[in-house]
1. Tyr416 passes all but one of (1) more than 21 Å from Thr387 (Cα to Cα); (2) buried (at least 17 other Cβ atoms within 10 Å of the Cβ); which number fails?
2. Filter the stretch 255-275 down to residues that are of a type outside the set (Asp, Glu) and assigned to a loop (DSSP other than H, G, I, E, B) and give me whichever is modelled with the lowest pLDDT.
3. Can you go through Gly355, Gly344 and tell me which one is in contact (Cβ under 8 Å) with a residue 40 or more places away in the chain and either within 24 Å of the chain's Cα centre (by Cα) or over 30 Å from Ser151 (Cα atoms) (or both)?
4. Confirm whether Gly177 is surrounded by fewer than 18 Cβ atoms within 10 Å (Cβ to Cβ), under 26 Å from Val302 (Cα atoms) and in the same structural domain as Thr407 (by TED's automatic domain parsing).
5. Since Ala107 meets every condition but one in (1) out of contact with any helix residue (DSSP H, G or I) (no Cβ under 9 Å at 6 or more places or on another chain); (2) surrounded by fewer than 23 Cβ atoms within 10 Å (Cβ to Cβ), which condition does it not meet?
6. Looking at the stretch 327-384 only, could you name the residues that are over 16 Å from Val298 (Cα atoms), of a type outside the set (Lys, Arg) and part of a strand (DSSP E or B)?
7. Taking the criterion of being closer than 15 Å to Asn395 by Cα and part of a strand (DSSP E or B), would at least one residue in the stretch 90-103 satisfy it?
8. Quick test of your reading of the structure: Gly155 fulfils all but one of (1) without any contact (Cβ under 8 Å) to a residue 12 or more places away in the chain; (2) assigned to a loop (DSSP other than H, G, I, E, B); (3) not aliphatic (A, V, I, L, M). Name the failing condition by number.
Amino acid sequence: MLTVFGPTQRYCDGISRRSFLKIGAFSFGSWHLSLADIARAELARGTPTSPHKAVINIFLGGGPPHQDMWDIKTEAPAEIRGEFKPIHTKVPGIMIGECFPRIAALADKCVFIRSVVGAMDRHDNVQCYSGFLAESLRPIGGRPSIGAVLSKLLGPVDPSVPPFVGLTAPTQHRPWGEPGAVGFLGPSYQAFRPDGEGLANMRLHPIIQQHLADRKQLRARFDQMRRDIDVVGALQGFDAATEKALNVLTSSKLLDALDLSKESPKVRAMYGDGKPYNYQYDGAPTANDQLLIARRLVEAGVRCVTLTFGRWDSHGQNFELVRDHGTKLDQAFSALIQDLEVRGMLDDVTVIAWGEFGRTPRINSNAGRDHWPQVSCALLAGGGMRTGQVIGATNRLGEYAVSRPVTFNEVVATIYHNLGLDPMTTTIPDPTGRPQHIVEQPALRELI
């Protein structure tokens, strides 16, 4: 927050040497960095020249049941098949679960992956956000997530808008609420989280009203402080980085993107709000409106938005949970696809919804499905991909992939390809100076 009255030596307008740089520290996980620190790191990377491509990564925390969503097993016995029936989609020959009629109507704009392999029996989002296991490069900090990589390589589209935003508020089971790790890249590349302190640090209006008459006055005070500091030689380098930090603080662009009251009632109704939040427990709510915020953030210049939608850990009451979560996801995901298309953004924005693993083919005694890392699923749209298709297949009981197994790394490689990065040649130096590939497998040939 902007500290107006410093505790010790005061310069112009009572701002101390120590406090004037503590302006609007973003909340980046457990790290608290000044905007000037972040801006300097961004300036060191240079100005991005790539077009504005983006990804909205929807994490279905808890592990969604693949056989109740995109891989309905009509020929399996009842104790495996479950309660849901398949429905036809817009694409002949593709059928999905009955809870998703709106997505079915947009199947020509979607990709249904039924054979995601390589999951671990762990409740975290590491593979969905980075493509790697949590153990990969752990001695030097671990692998960075997609958002951190984009922040490093491409930087901000707009100086006043962070390139990487994590929407999900902290959850009781903490890994479900994490926005994506920075890994060996370090805290400068953390996601901005517009909740709690993060959002509060963007709201300068009360301070402006009380101490600073307007934006010009704020800048004038900084200019006077610069002159005073130059006279005494107390600080060098009050440069473009601090000016850039000030741009973030005084810009309304990010706050406007987060403010759904600026969206039309018709569009808001199209997405819904996902309430009531059922089966949430220690996870994330089914906050449909976060998908709308994600679209607004991308429109404002964000490159990567992550969020966790619902809590899919259905050890009991699996079918009631899928009816609740699935119906809400159906509304929000389909609204996002249509919204992006209407705005001419769909080819530039990759949307993906997936979880950390699948669920057991056999239904347990509590009408639930347990953890099943042997195979899982993913739903993609946009990004200029060749959509309207299914990739991979599982056996009759949904136990394992029998054709075209797809790894998390391949899916993330496809996202990078859609974002304009070559997944097989792009590297980032780690702390030892060794170049590390952003992924280790190529993009899905069926989609590019």
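The values are calculated or read from the model by the stated rules, or taken from the named source; none is laboratory data. Please read all numbers here as calculations on a predicted model, not as lab measurements. Cβ placement follows ideal geometry from the backbone for every residue including glycine, while neighbour counts extend to all protein chains displayed.
1. (1) is the only condition that Tyr416 fails.
2. First, pick out the residues of the stretch 255-275 that are of a type outside the set (Asp, Glu): 255, 257-258, 260-262, 264-272, 274-275.
Okay, now just the ones that are also assigned to a loop (DSSP other than H, G, I, E, B), so 264, 272, 274-275.
Details: Ser264: 94, Gly272: 98, Gly274: 98, Lys275: 98.
Filtering the stretch 255-275 for residues that are of a type outside the set (Asp, Glu) and assigned to a loop (DSSP other than H, G, I, E, B), the one modelled with the lowest pLDDT comes out as Ser264.
3. After applying the criteria, what remains is Gly355.
4. No; evaluated as a whole, the condition is false for this residue.
5. Here Ala107 meets the rest and fails (2).
6. Passing the criteria: Ala353, Trp354, Gly358, His371, Trp372, Ser376, Cys377, Ala378, Leu379, Leu380.
7. no
8. Gly155 satisfies all of (1) without any contact (Cβ under 8 Å) to a residue 12 or more places away in the chain; (2) assigned to a loop (DSSP other than H, G, I, E, B); (3) not aliphatic (A, V, I, L, M) except (1).
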